[in-house]
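Input: a single structure, listed below in structure tokens.
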Amino acid sequence: MKVVSISNLLTNSLVFNRRRFSLGLLILILSQPLTAKDIYFTRSGTISFFSTAIIEDIEAYNKQVTCVLDKENGSVAFQVPILGFIFENALMQEHFNENYLESEKFPTAIFKGKINDWELIELSEKDQEVNLTGEMTIHGVTNEFSEKGFISIKNNKIDGTTQFKIIVADYGIEIPKIVRNNIAKIVDVNVKLSLKKK
């Protein structure tokens, strides 16, 4: 049986702002050798967040999520380029990158973990609820992560969705006093992925 490393699987795949970026983080996330036929992958997953506050609501989308799933054991990792978030308000987008997420210093958000009880899950076209656990790193801060999601398979594509909340203070994101009424302390996050067999 042919066995390849993550570095070989992802060669020539990830491009952001028309330049290749390092695959080192994903290599570290899934460092064990993986069976080629069991890998599902995307670099165009979608993540969005929404927050509501007294003065205004804030919403942004990012369609550059990279995700790798090992179908053999349920290990999963994803990486999100912070600069990929698009806001309706350009000034808000600038503040998000420069003042809050500090995207030059912390260019990516990362999750690494697994789908629990993977060996008991029989994928079908019907959405199945699953439990996802691991570690989430945002703004250079890593926290334990545990949430529910849904997964299905159709036409050789594995689709996954999850919704969760992030407390911005948990990731060292500071909100200046002057705008605290503008920005919520808790943000609703939605993730939608469609993974193709590698």
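Points worth noting:
- By the rule of a C-alpha distance below 23 Å, with chain neighbours fewer than 8 residues away ignored, the lysines paired with K196 are K2, K37, K63, K71, K112, K114, K126, K148, K154, K157.
- Measure of compaction for segment 104-198 (Cα Rg per 2.2 N^0.38 Å): 1.31
- Fewest neighbouring Cβ atoms within 10 Å first, the residues D70, D57 line up as D57, D70.
- Here segment 37-197 is treated as a sphere whose radius is the Kirkwood value from Cα pairs; by Stokes-Einstein at 4 °C and 1.567 mPa s it diffuses with a coefficient of 78 µm²/s.
- Estimated dipole of segment 37-197 in Debye, rounded to 20 [Cβ of Lys and Arg +1, of Asp and Glu -1, Cα centre]: 380 debye
Each value in this text was obtained by applying a stated rule to the coordinates, not by laboratory testing. Note that the coordinates shown come from a computational prediction; the quantities given were computed from them, not determined experimentally. Every residue, glycine as well, gets a Cβ built from its backbone with ideal geometry; the counts of neighbours run over all protein chains shown.
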